[in-house]
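Contents: one structure, followed by commentary.
Every number here is computed from the coordinates shown, using simple stated rules; none is lab data. Being a predicted model, the structure only gives us computed values, none of them experimental. In this analysis, Cβ positions are derived from the backbone assuming ideal geometry, glycine residues included, and neighbour counts consider all displayed protein chains.
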Amino acid sequence: MANGQFTTRDQQVRTRLGELLRSLEQIESVISVATAALRHQNCERDMDVARVLQRSAGDRLSVEIERTTELLAAFAAAPPRQQARPRK
């Protein structure tokens, strides 16, 4: 394998992390819109639901997005691994 190339497995992991990050960001957007809509209705129960949704799902999701972003950046910055050669 030429120097500077990633193994197929490395590329699969990078691709999957990128897909996961995009999915998490889309879910975070849905939670933000739902929370804003509930707050806009200005009903006490809706405000409670919005608060729980944001704290239980939105805040936790933000942490996971940050962690996944950091993991993807660290993986991208790591030097390429050489593919293991089969033993004879």
task: For T8 paired with R60, estimate the spin-label separation in nm (one decimal), with each label point 7 Å from Cα along the Cα-to-Cβ line.
output: 3.7
field: Estimated translational D of region 14-75 in µm²/s (Stokes, Kirkwood radius over Cα pairs; 20 °C; 1.002 mPa s)
entry: 172
- request: Give, as a single signed number, the net charge of other residues whose beta carbon lies under 14 Å from the beta carbon of Q41, with Lys and Arg counted +1 and Asp and Glu -1.
  value: 0
